[in-house]
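Written below as C-alpha cells is the structure these notes are about.
The values are calculated or read from the model by the stated rules, or taken from the named source; none is laboratory data. Quick caveat, the model's predicted, so the values are computed rather than measured. So basically every Cβ, Gly included, is an ideal-geometry build from the backbone, and we count neighbours across all protein chains shown. Ligands, DNA and RNA are excluded from the accessible area calculation, which covers all protein heavy atoms including side chains. Shrake-Rupley method; radii C 1.70, N 1.55, O 1.52, S 1.80 Å.
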Amino acid sequence: MATLIHTLADHSDDVNYCAFSSSCLATCSLDKTIRVYSLSDFTELPYSPLRGHTYAVHCCCFSPSGRVLASCSTDGTTALWDARDGRRLAVLGQPGASPVRVCRFSPEATSLLSGAADGSVVLWNMQSLKLYRSGNVKGGSLVACAFSPNGNFFVTGSSSGDLTIWDDKMRCLYNEKAHDLGVTCCDISSHPVSDSENGFKYFQMASCGQDNQIKLWLILFADFLGVELKYKCTLNGHSAPVLACAFSCDGQMIASGSVDKCVIIYETSTGNTLHTLSQHTRYVTTCAFAPHSPLLATGSMDKTVHVWRLDLRQPCAGDTVENESKVAVEDWSEDDVSAWLCAQDLADFVGLFKRNNIDGKELLNLTKESLANELKIESLGQRSKVLQKIEELRTTMISVSVPVPDEFLCPITRELMNDPVIATDGYSYEREAMENWISTRRSSPMTNLPLHSLMLTPNRTLKMAISRWLETQRK
C-alpha cells in the first residue's frame, strides 16, 4: 500500500526532478531554483531555495555521502553545492555551453557525469573539478544516464532512442536501439539478480521512452569481458509517454511516471503492478526512492512533489489481498479486512473485527457511534484513527470511479477535503494541510502573495456540499 504523507508545493513552475540523500530531499524546477527539505519533517532547510542558475534546472542529484548536491540547467552549467549550508562550491561549464539535461555522481563520488542537448557527455574529476573525459552520442540529445554499481561503466540514453554503454575512459562499448521515439530515462539496480554459469553478476537496468513503454534489461559489467546487454521484458500500464523510472534501493520495485499523469509501481521480479497513483493533475516528470526509508517522491508539471510512504510489511496471517483494487471493498471478506487493518498499522484491531464479523460491507458502514457502542473501542483517539482510515478508503473508492469536482479538492494536497477552511487569500483548503503550510511560511499557496492574517475560517457551506456529493456517490 502506498500512502500520500506530504505534498510540497513551493515551486512556482514545473518540477523537473527530485532526489534523495539519507537525510534530505532535493527538488528542481523550471523556476530556476533547487529546493532542499529535511526528511524528518519535510520542512525546507534554512538555505533553501538555492539560486544561481539563470535558466530552468533540469536535474539534481546528491553525492553518495549526501554532502554535495549537483544541479544542471539550460544555462549550460552544472553547479555543485554544499548540502550542509547551501554554499555553491563550483560551476562546471559544459563544452559548447549546450543546455545540460542530466547529471549523476559515480558510486565512489570520484566522477560526475553531465549530459547535454547537443549530445555531449562529460566526466568531471571530483577532486580537481576539471574535465576528465568527454564524448558525444550520435543523432540526438543526451537525456538519461546511470552508473554501474562498481562505477567503471555507465549508460546513457538519447532522444534518438539509443542506449549506449561506456567505460570510464569514455570508450563506447555497446549501443542498442531501445525506444523508437526516444529514451527519456534509465536506471540501474545496485543488486545483482542472477549469476551466469561462470559466476558473473548480472544487474537489472530499466529504460523508458516516448513509446509509452518501460523495458527491463539484464546487463553484465565485466572489466575483462566488456559488457553484455539482454532484453528481459516490457512493463505495460501507461497510456502515454513514460518520462521517469527508478528502482527501489533493494531492487524489488520500480516506479515510473508518465504523461498520463499516473505513477505506477511494479514488482521487479514478476512485472506485476503493485500500485497505481493518480493524484498528480499534470504530467509526472520524475520519481525517486529514498535510500534508507520506505519513501517515494514523485514530481510533476502541476508544480508539486508528492511524498509517499510504501508499506513494505510481511503479509499478515490470513492476508489474501494482494492489491485492494483487484477486489471491490464492499466484496471484501473478513480476512481481507484483517489484511487492510494490518496495512493501516491497525493490526491490534484484527481480533476485535473478526469477533464482530466485520467484512467489507460492514467496514464501510462503521460510524463513530458504532465504533464506540457496538465495537466498544473506548479510546477516542483510536476511534478517530480507525474512522479516518475508513473515510480515506471511502474517498479512494469514489475517486477511482468518479472524478471529484475540482472545487472539492484541497489546492495543497489535491485530495478531497474533509474539514475545509477559508484563508485570508479567499481560497479554501483542508485545515490540516493549511495549518502545516502556514507553520513554515506566511504566503498564499495559490497566489504566493503574503497573507495578511493567519486566521482560518471554517467553510461550512463547502463542507455540506462535499457531504451531499459523497452521499450521492454512495447510493
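General remarks:
- For the stretch 115-147, a tally of residues being hydroxyl-bearing (Ser, Thr, Tyr) and outside any strand (DSSP E or B) returns 2.
- When the stretch 240-274 is limited to residues that are in a strand (DSSP E or B) and small (Gly, Ala, Ser), the one that is farthest from ARG414 (Cα to Cα) turns out to be ALA246.
- When the stretch 66-82 is filtered for residues that are at pLDDT 95 or above and closer than 16 Å to ALA19 by Cα, the ones remaining, listed by number, are VAL68, LEU69, ALA70, SER71, CYS72, SER73, THR78, ALA79, LEU80, TRP81, ASP82.
- Within the stretch 319-348, restricting attention to residues that are buried (at least 18 other Cβ atoms within 10 Å of the Cβ) and small (Gly, Ala, Ser), the residue that is modelled with the lowest pLDDT is ALA343.
- Unmet requirement for ASN152, which otherwise passes all of (1) open to solvent by 60 Å² or more (accessible area, probe 1.4 Å); (2) modelled with pLDDT under 90; (3) not β-branched (Val, Ile, Thr): (1)
- Screening GLY351 with (1) open to solvent by less than 50 Å² (accessible area, probe 1.4 Å); (2) closer than 24 Å to GLU415 by Cα; (3) small (Gly, Ala, Ser) gives one miss only, at (2).
- Single unsatisfied condition, LEU4 versus (1) among the aliphatic types (A, V, I, L, M); (2) in contact with a strand residue (DSSP E or B) (Cβ under 7 Å, 6 or more places away or on another chain); (3) buried (at least 18 other Cβ atoms within 10 Å of the Cβ): (3)
- Pairs with Cβ under 7 Å, 6+ apart, first in the stretch 17-38 and under 17 Å from TYR283 (Cα atoms), second in a loop (DSSP other than H, G, I, E, B) and open to solvent by less than 30 Å² (accessible area, probe 1.4 Å): THR27/HIS11; SER29/HIS11; SER29/ASP14; LEU30/ASP14; LEU30/ALA56; ASP31/HIS11
- Options ASN357, ASN418; residue that is exposed (fewer than 12 other Cβ atoms within 10 Å of the Cβ) and either part of a loop (DSSP other than H, G, I, E, B) or in contact with an Asp or Glu (Cβ under 9 Å, 6 or more places away or on another chain) (or both): ASN357
- Checking VAL91, VAL137 one by one, the residue that is of a type in the set (Val, Ile, Thr) and at pLDDT 95 or above is VAL91 and no other.
- Picking from residues in the stretch 17-59 that are open to solvent by less than 30 Å² (accessible area, probe 1.4 Å) and among the polar types (S, T, N, Q), the one that is farthest from TRP437 (Cα to Cα) is SER21.
- Any chance LYS261 is free of Cβ contacts under 8 Å to residues at least 40 places away in the same chain, of a type in the set (D, E, K, R) and touching a Lys or Arg at 6+ places or on another chain (Cβ under 9 Å): yes
- Complete set of residues in the stretch 430-444 that are under 18 Å from GLU391 (Cα atoms) and open to solvent by 30 Å² or more (accessible area, probe 1.4 Å): GLU430, ARG431, GLU432
- Screening TYR427 with (1) among the hydroxyl-bearing types (Ser, Thr, Tyr); (2) free of Cβ contacts under 8 Å to residues at least 12 places away in the same chain; (3) open to solvent by 70 Å² or more (accessible area, probe 1.4 Å) gives one miss only, at (2).
- Whichever residue in the stretch 157-172 is open to solvent by 20 Å² or more (accessible area, probe 1.4 Å) and in a strand (DSSP E or B) and, among such residues, is nearest to ARG101 (Cα to Cα): ASP162
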